[in-house]
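Q: Here's a structure for you.
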Amino acid sequence: MKARTKLAFVLFAVTALIVGAFAGTALAGKKKKPTTVVVNAGSVLSGKQNVRVRGGLNTASACRANRSMRLFLTDQSGVILSTLDSGTSDSGGNWNLSAKLASPPQPNQFLQVKAKKLTVAKFVCKAGASGLIAIQ
């Protein structure tokens with residue numbers, strides 16, 4: 001009798017683990033899509049204090065439209081000093097951000113663009129960031 005009880009318990013435990021694994025996959029079934037923020041080449045400084053950055057999003061097509069974009073002023077380590085501008089991407093994933101700096105840029109100041117996380121239907125569009133952009 002004890003052997004049957006042990007066998008029944010083991011079968012029950014294995015069944016519970018299998019059902020739990022399938023349920024966990026079903027709940028977390030949203031597909032995660034990476035996002036790369038691409039910055040167009042060229043100078044970002046126009047005049048002494050005006051900056052303008054353009055680019056696009058390299059991600060799944062469902063994740064390109066209406067992404068919240070932010071333009072940051074950072075130091076050489078990537079520490080955010082201030083938020084300069086915000087906007088959204090168009091239907092093709094293209095974006096355009098501009099701002100006026102409080103003072104002429106210093107050699108240790110950089111720009112960075114970030115796309116915020118977005119959930120669209122069955123996709124989770126991950127946040128993404130550009131590399132540091134020299135202000136010149």
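Quick note: the coordinates plus some simple rules give every number you see, no bench work behind them. In this text the structure is predicted, and so the values were computed from the model without any measurement. Virtual Cβ from ideal backbone geometry, glycine too; neighbours counted across all protein chains shown.
Q: Sort 64, 70 so the one with the fewest other Cβ atoms within 10 Å of its own Cβ comes first.
A: By the 10 Å Cβ count, ascending, the order reads 70, 64.
Q: Calculate the spin-label point distance for residue 52 paired with residue 65, positioning each point 7 Å from the Cα along the beta-carbon direction, and give it in nanometres.
A: Roughly 2.7 nm, to one decimal.
Q: Set the Förster radius R0 to 41 Å, insert the Cβ-Cβ distance between residue 100 and residue 126 as r into 1/(1 + (r/R0)^6), and round the FRET efficiency to 0.05.
A: 0.85
Q: Assuming 0.36 nm per residue, please report the length gained on full extension of the stretch residue 31 to residue 136 beyond their Cα-Cα distance.
A: Here the segment from residue 31 to residue 136 would lengthen by 33.9 nm.
Q: Same structure, new question: From the convex hull of the Cα coordinates of region 34-134, what is the mean projected area in square nanometres?
A: The directionally averaged projection comes out at 6.0 nm².
Q: Filter the chymotrypsin sites (Phe, Trp or Tyr not before Pro) in region 88-136 to those in DSSP coil with at most 12 other Cβ atoms within 10 Å of their Cβ, and list the result.
A: Hits after loop and neighbour filter: nothing returned.
Q: Is there a pair in 32/114; 33/100; 48/116; 48/126; 30/114; 33/114 whose C-alpha atoms are over 24 Å apart, and which pairs would that be?
A: Long pairs (Cα-Cα over 24 Å): 33/100; 48/116; 48/126.
Q: Among 116, 30, rank each residue by its count of other Cβ atoms within 10 Å, from fewest to most, as a rough exposure measure.
A: 30, 116
Q: Under 5 Å between amide H atoms, partner at least 5 residues away or on a different chain: which partners does residue 125 have, H built in plane at 1.01 Å?
A: 33, 118, 119, 120
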